[in-house]
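Data first, discussion second: the structure below is written as structure tokens.
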Amino acid sequence: MNLILKYIKRKLLLYWILRICVISIFLVIGIVAYFILFPSIIYINSIDIPRFLVKTSAGEYELLNISTCPIVEINEEISLINVQKPVSSTQLDFIKQSVSSGGEWMPKHCIPQHHTAIIVCYRNRTDQLQTFLYHMHSFLQKQNIHYQIYVIEQTFDAEFNRGKLFNVGYREVTMRSLAGCFIFHDVDLMPENINNIYGCTSCPRHMSTSINVFNYKLPYYNIFGGAIAMTRRQFHDINGFSNVFYGWGGEDDDLFNRVYHRGYRVCRYPSFISRYTMLTHEKETPNENRMKYLRNGPKRFYTDGVDSVTYNLIKYEQLPLYTRILVNV
């Protein structure tokens, strides 16, 4: 009798071990298949870029009796643009001649397909800002887009909060502009390739995937910082950036999680198009709580973001090369 019981127990044990193994195998296959069929990041081939770009002009040019602007022809052989630094006041004065007050420009000979607001978070980097303004105005006017540069400047009353400044910029711009595409941009990054169209795509786009200080390689797979492009709908759907990340780090990884949580996929252009030069600067103080905030981020996606951002607007002024928005956050 004991032998029979031992035999039955052994058979049952083997049965459950085999069943668990089979379930585990199917689970692994399912997970792998999911990431193959629904990847978190989509890589767009250069020939497919026009298909993924979405028009973000809101009909404000309907009365103009001219043709639509073509986008820059995607050409793998195009020479890269060198970043000039430092920039002289004479060079900036020359750029001012072609730019409207507030840092706005649009082509006169055709109707642009893209109306883009470039939102830059900033504090106390005058030389970098001058280099950025000179480079970006020269760069963007080659792309036949309607754009305006907004610099969101934080006072010194608190630690720097990159995500919150971007939320502030979005709120202030949408109250005053019909722009349909928003590019959230660090002041120390300069695009090198004119094919990197400063317009939005049907998926939130990580623009700065190849940066010189990282040998033009990604530091890690799901990095989502530097320069990001989103439509109004996309940014609204994910509730923008988190407001809790004071100090350096975390807000861009949290943004990636928000994008994925809402069912979007991040997209990227080929690395030869997404090349950037980063200007040198001192490293910021890391946020000691950033990993904790990242872990509990999903609990705050709907309550912490652009819809709940609070700030004091100190000054809104249209300067010759950009619109300055000074805030206390």
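The values are calculated or read from the model by the stated rules, or taken from the named source; none is laboratory data. Keep in mind the model is a prediction, meaning the values are calculated, not measured. Ideal geometry is used to build each Cβ from the backbone, glycine not excepted, and the neighbour counts take in all protein chains shown. Ligands, DNA and RNA are excluded from the accessible area calculation, which covers all protein heavy atoms including side chains. Shrake-Rupley method; radii C 1.70, N 1.55, O 1.52, S 1.80 Å.
Of the whole protein surface, T126 contributes about 80 Å² of accessible area at a 1.4 Å probe radius. At the residue level, Y61 shows approximately 10 square angstrom of accessible surface with a 1.4 angstrom probe and all protein chains present.
In this rough spin-label picture, where each label sits 7 Å from Cα along the Cβ direction, the Y61-H109 distance is 1.3 nm. Note on the chain: lysine pairs with Cα distance below 28 Å, sequence gap of 8 or more or different chains, count 22. Taking every Cα-Cα distance in segment 54-172 and sorting them into 5 Å bins starting at zero, the pair-distance distribution P(r) comes out as 2, 9, 17, 18, 19, 16, 12, 5, 2, 0 percent.
Relative to the longest principal axis of the Cα atoms of the chain, the long axis of helix 2-37 makes an angle of roughly 20 degrees. Secondary structure note: in the chain, about 45% of the DSSP beta bridges are antiparallel. Using Cα atoms only, what is the angle between the long axis of helix 126-140 and the major principal axis of the chain, expressed in degrees (0 to 90) to the nearest 10? Rounded to the nearest ten degrees, it is 90. The modelled label-to-label distance for the pair Y316/K217, using points 7 Å beyond Cα in the direction of Cβ, is 4.6 nm.
Only helical runs count toward this figure. For the chain, summing -39,500 (n - 2.57) over DSSP H runs of n ≥ 4 and dividing by all residues gives -9500 deg cm²/dmol at 222 nm. For segment 93-235, a Kirkwood hydrodynamic radius built from all Cα pairs, placed in the Stokes-Einstein relation at 10 °C and 1.306 mPa s, yields a translational diffusion coefficient of 100 µm²/s. Using a Gaussian network model of the chain in which every pair of alpha carbons under 10 angstrom is joined by a spring, one finds that among P86, P270, P191 the greatest mean-square fluctuation is at P86. Counting only Cβ charges, +1 for Lys and Arg and -1 for Asp and Glu, the dipole size of segment 170-329 around its Cα centre is about 480 debye. Calculate, in whole percent, how much of the Cα-Cα pair population of segment 211-294 lies beyond 21 Å. More than 21 Å apart: 38 percent of the Cα pairs in segment 211-294.
Can you tell me which of C181, C69, C200 moves the most in a GNM of the chain? Springs connect C-alpha atoms under 10 Å apart. For the chain, modelled as a Gaussian network with Cα springs under 10 Å, the answer is C69.
Normalised Debye scattering of the chain at q = 0.09 Å⁻¹ gives log10 I(q)/I(0) of -0.50, counting only Cα atoms as equal scatterers and leaving out solvent.
Residue order by solvent-accessible surface for E153, E288 is E288, E153, largest first, with ligands and nucleic acids left out and a 1.4 Å probe. Ordered from longest to shortest, the equivalent ellipsoid semi-axes for segment 156-310 are 23, 19, 16 Å, each the square root of 5 times a Cα gyration tensor eigenvalue. Legend: Rg and Dmax of segment 249-306, from Cα coordinates, 14.7, 38 Å.
The charge dipole of the chain, taken about its Cα centre with unit charges on the Cβ of Lys, Arg, Asp and Glu (plus for the first two, minus for the last two), comes to roughly 1760 debye.
Solvent exposure of C110, expressed as accessible area, is near 0 Å², computed with a probe of 1.4 Å over the protein chains only.
Relative to the longest principal axis of the Cα atoms of the chain, the long axis of helix 162-174 makes an angle of roughly 60 degrees.
Want the number for N328 to Q91: 0.36 nm per residue separation, take away the alpha-carbon distance, what's left? Please list the in-between numbers first.
On the way: separation 237, 0.36 × 237 = 85.32 nm, distance 3.16 nm.
So the extension gain works out to 82.2 nm.
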